[in-house]
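Data block below; observations after.
The values are calculated or read from the model by the stated rules, or taken from the named source; none is laboratory data. Keep in mind the model is a prediction, meaning the values are calculated, not measured. All Cβ positions, even for glycine, are placed from backbone atoms using ideal geometry, and neighbour counts span all protein chains on display.
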Amino acid sequence: MENEKRTPPHNVSMTNRSHMHLTAVTDVSSFDDRGILLELGEESLSIEGEHLHIEAFDADRGELSLTGHVTGLLYFKKTPKKGKRTFLGGR
């Protein structure tokens with residue numbers, strides 16, 4: 001476990017569900033006006049809402065600001081890819 005990669009500490013600041021500022025963002029995987037998928041090291045963060053707009057993203061500093069009406073946040077861990085498997089688990 002000592003070699004396990006960890007997600008760096010990050011901050012999420014939200015005001016009235018209409019403005020957000022996040023730190024430690026490593027990448028923006030996808031976005032449209034109803035959802036934004038962010039990478040935070042070994043985790044991902046899905047932001048759902050309406051009229052979402054990325055106001056600024058500084059990749060060097062890992063800071064992202066967005067506006068819109070946020071309706072949900074969902075964190076999930078990335079799963080390591082160990083080779084393709086079929087539905088029944090065979091290769």
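Worth a mention:
- Residue in region 20-43 that is closer than 23 Å to K77 by Cα, more than 13 Å from the chain's Cα centre (by Cα) and not in a strand (DSSP E or B) present: yes
- The combined condition, being in contact with an Asp or Glu (Cβ under 7 Å, 6 or more places away or on another chain) and either part of a loop (DSSP other than H, G, I, E, B) or modelled with pLDDT under 95 (or both), is fulfilled by R6.
- Taken over region 38-88, the criterion of being modelled with pLDDT of 95 or more, over 15 Å from H10 (Cα atoms) and either touching a helix residue (DSSP H, G or I) at 6+ places or on another chain (Cβ under 6 Å) or among the hydroxyl-bearing types (S, T, Y) (or both) is satisfied by T67, T71.
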